[in-house]
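Notes follow once the structure below has been shown.
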Amino acid sequence: MVGVGYGKGATLPDEEVRWLTPEQVDGLRAGEGVRLLDARDAPEFQKASLPGAESLPQSTLMFSRGKVQALVDELVGSQAGELCFFANTAGPNAGITAGREVYVMAFLLELGLPLTRMARLRGGLNGWVESGRPAPPAGRGGGPPLPAVR
(Lines give C-alpha, C1' and ligand atoms only; values in the text may rest on other atoms or scores of the structure.)
Protein backbone atom coordinates (compact mmCIF):
# COMPACT_ATOMS: atom_id res chain seq x y z
CA MET A 1 0.00 0.00 0.00
CA VAL A 2 1.21 3.45 -0.85
CA GLY A 3 0.25 5.81 1.93
CA VAL A 4 0.66 9.38 0.83
CA GLY A 5 -1.52 12.37 1.38
CA TYR A 6 -2.05 16.06 1.68
CA GLY A 7 -4.12 16.58 4.79
CA LYS A 8 -6.56 13.69 4.95
CA GLY A 9 -3.85 11.09 4.35
CA ALA A 10 -5.30 9.41 1.28
CA THR A 11 -3.97 5.94 0.73
CA LEU A 12 -3.60 4.38 -2.67
CA PRO A 13 -3.68 0.60 -2.31
CA ASP A 14 -1.44 -1.02 -4.91
CA GLU A 15 -4.26 -3.28 -6.10
CA GLU A 16 -6.45 -0.24 -6.85
CA VAL A 17 -3.86 1.83 -8.72
CA ARG A 18 -4.05 1.10 -12.43
CA TRP A 19 -1.01 0.99 -14.66
CA LEU A 20 -0.88 1.83 -18.35
CA THR A 21 1.90 0.64 -20.61
CA PRO A 22 3.18 2.85 -23.45
CA GLU A 23 1.27 0.58 -25.83
CA GLN A 24 -1.96 1.10 -23.91
CA VAL A 25 -1.42 4.87 -23.95
CA ASP A 26 -0.98 4.71 -27.73
CA GLY A 27 -4.26 2.78 -27.94
CA LEU A 28 -6.09 5.38 -25.87
CA ARG A 29 -4.61 8.18 -27.96
CA ALA A 30 -6.03 6.52 -31.07
CA GLY A 31 -9.41 5.92 -29.41
CA GLU A 32 -11.33 7.81 -26.79
CA GLY A 33 -8.38 9.91 -25.64
CA VAL A 34 -6.22 10.34 -22.61
CA ARG A 35 -4.67 13.27 -20.77
CA LEU A 36 -1.05 12.81 -19.82
CA LEU A 37 0.06 14.67 -16.71
CA ASP A 38 3.75 15.13 -15.97
CA ALA A 39 4.39 15.33 -12.21
CA ARG A 40 8.04 16.37 -12.62
CA ASP A 41 9.29 19.90 -11.98
CA ALA A 42 8.88 22.53 -14.70
CA PRO A 43 12.55 22.52 -15.84
CA GLU A 44 12.38 18.74 -16.34
CA PHE A 45 9.12 19.10 -18.26
CA GLN A 46 10.61 21.79 -20.50
CA LYS A 47 13.62 19.60 -21.31
CA ALA A 48 11.62 16.55 -22.40
CA SER A 49 8.17 15.07 -21.90
CA LEU A 50 5.60 12.92 -23.63
CA PRO A 51 4.05 14.53 -26.69
CA GLY A 52 0.93 16.41 -25.65
CA ALA A 53 1.57 16.07 -21.91
CA GLU A 54 0.54 18.78 -19.47
CA SER A 55 2.74 19.91 -16.61
CA LEU A 56 1.32 19.38 -13.10
CA PRO A 57 4.43 19.40 -10.87
CA GLN A 58 4.15 17.74 -7.48
CA SER A 59 6.35 20.44 -5.91
CA THR A 60 4.10 23.19 -7.25
CA LEU A 61 1.02 21.50 -5.76
CA MET A 62 2.80 21.39 -2.40
CA PHE A 63 4.27 24.88 -2.28
CA SER A 64 2.59 27.11 -4.89
CA ARG A 65 -0.78 25.55 -5.58
CA GLY A 66 -2.22 28.80 -6.94
CA LYS A 67 0.00 28.48 -10.01
CA VAL A 68 -1.80 25.30 -11.09
CA GLN A 69 -5.19 25.83 -9.44
CA ALA A 70 -7.05 26.28 -12.74
CA LEU A 71 -5.79 22.91 -14.01
CA VAL A 72 -6.57 21.23 -10.68
CA ASP A 73 -10.11 22.65 -10.74
CA GLU A 74 -10.58 21.48 -14.33
CA LEU A 75 -9.38 17.95 -13.58
CA VAL A 76 -11.47 17.57 -10.43
CA GLY A 77 -14.56 19.22 -11.96
CA SER A 78 -14.58 17.08 -15.10
CA GLN A 79 -16.68 13.94 -15.00
CA ALA A 80 -15.07 12.03 -17.85
CA GLY A 81 -11.71 11.19 -19.26
CA GLU A 82 -8.75 8.96 -18.65
CA LEU A 83 -5.82 10.59 -16.81
CA CYS A 84 -2.34 9.09 -16.91
CA PHE A 85 0.26 10.45 -14.50
CA PHE A 86 4.01 9.99 -14.75
CA ALA A 87 7.41 11.13 -13.55
CA ASN A 88 10.81 9.66 -14.49
CA THR A 89 10.41 6.02 -13.47
CA ALA A 90 7.58 3.90 -12.18
CA GLY A 91 6.67 0.27 -11.93
CA PRO A 92 6.67 -2.70 -9.62
CA ASN A 93 10.33 -3.39 -10.40
CA ALA A 94 11.56 0.22 -10.56
CA GLY A 95 12.48 0.32 -6.89
CA ILE A 96 10.27 3.36 -6.33
CA THR A 97 6.96 2.75 -4.59
CA ALA A 98 5.73 6.34 -4.36
CA GLY A 99 6.99 8.55 -7.15
CA ARG A 100 5.95 12.14 -7.60
CA GLU A 101 2.94 11.12 -9.67
CA VAL A 102 1.53 9.17 -6.72
CA TYR A 103 1.58 12.29 -4.55
CA VAL A 104 -0.26 14.21 -7.28
CA MET A 105 -2.81 11.40 -7.56
CA ALA A 106 -3.32 11.35 -3.76
CA PHE A 107 -3.81 15.10 -3.72
CA LEU A 108 -6.42 14.93 -6.48
CA LEU A 109 -8.10 11.96 -4.80
CA GLU A 110 -8.49 14.04 -1.63
CA LEU A 111 -10.14 16.76 -3.71
CA GLY A 112 -12.69 14.28 -5.06
CA LEU A 113 -11.21 13.01 -8.33
CA PRO A 114 -12.12 9.31 -8.54
CA LEU A 115 -9.20 6.92 -8.53
CA THR A 116 -10.96 5.01 -11.32
CA ARG A 117 -10.10 7.87 -13.70
CA MET A 118 -6.40 7.86 -12.79
CA ALA A 119 -3.55 5.60 -13.86
CA ARG A 120 0.24 5.56 -13.71
CA LEU A 121 2.47 5.15 -16.73
CA ARG A 122 4.48 1.95 -16.31
CA GLY A 123 8.15 2.87 -16.56
CA GLY A 124 7.43 6.61 -16.45
CA LEU A 125 9.21 8.86 -18.94
CA ASN A 126 12.24 6.56 -18.95
CA GLY A 127 10.09 3.57 -19.89
CA TRP A 128 8.40 5.61 -22.60
CA VAL A 129 11.76 6.50 -24.16
CA GLU A 130 13.12 2.95 -23.74
CA SER A 131 10.11 1.72 -25.73
CA GLY A 132 11.30 3.81 -28.69
CA ARG A 133 8.74 6.60 -28.34
CA PRO A 134 9.62 10.31 -28.60
CA ALA A 135 10.05 12.67 -25.66
CA PRO A 136 10.63 16.06 -27.26
CA PRO A 137 11.07 19.34 -25.40
CA ALA A 138 7.72 20.67 -24.20
CA GLY A 139 5.80 22.45 -26.92
CA ARG A 140 7.78 20.90 -29.79
CA GLY A 141 6.60 18.26 -32.27
CA GLY A 142 6.96 14.60 -31.57
CA GLY A 143 3.50 13.62 -32.68
CA PRO A 144 -0.07 14.81 -32.86
CA PRO A 145 -1.68 16.41 -29.83
CA LEU A 146 -3.46 13.95 -27.57
CA PRO A 147 -7.23 13.96 -27.85
CA ALA A 148 -8.72 14.60 -24.44
CA VAL A 149 -12.05 13.40 -23.16
CA ARG A 150 -13.52 16.13 -21.01
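Kindly evaluate residue 75 against the criterion of being at pLDDT 80 or above and assigned to a helix (DSSP H, G or I).
yes
Looking at the range 76-95, I want the residues that are more than 12 Å from residue 125 (Cα to Cα) and have a partner that is exposed (fewer than 15 other Cβ atoms within 10 Å of the Cβ) and modelled with pLDDT of 85 or more with Cβ atoms under 8 Å, at least 6 apart or on another chain. Which pairs are those?
From the range 76-95, the pairs are 76/112.
Could you check the range 33-72 and list, in sequence order, the residues that are surrounded by 21 or more Cβ atoms within 10 Å (Cβ to Cβ), among the basic types (Lys, Arg) and outside any strand (DSSP E or B)?
Selection gives 40 alone.
Out of the residues in the range 15-57 meeting the condition of being among the hydrophobic types (A, V, I, L, M, F, W, C) and over 19 Å from residue 134 (Cβ atoms), tell me which one is nearest to the chain's Cα centre (by Cα).
Residue satisfying both the conditions and the ranking: 39.
Against the condition open to solvent by 70 Å² or more (accessible area, probe 1.4 Å) and modelled with pLDDT under 90, how does residue 93 come out, does it pass?
Taking the combined requirement at face value, the residue satisfies it.
Check 48, 53, 87 and return the single one that is modelled with pLDDT of 90 or more and touching a Gly at 6+ places or on another chain (Cβ under 9 Å).
None of the others qualify; the one that does is 87.
Restricting the search to the range 19-32, which residues are modelled with pLDDT of 90 or more and open to solvent by 70 Å² or more (accessible area, probe 1.4 Å)?
23, 24
The values are calculated or read from the model by the stated rules, or taken from the named source; none is laboratory data. None of the values given here were measured: they were computed from a predicted structure. Please note: Cβ atoms are built from the backbone with ideal geometry, for glycine as well, and neighbour counts cover all protein chains shown. Surface accessibility is based on the protein's heavy atoms, side chains included, excluding ligands, DNA and RNA. Shrake-Rupley method; radii C 1.70, N 1.55, O 1.52, S 1.80 Å.
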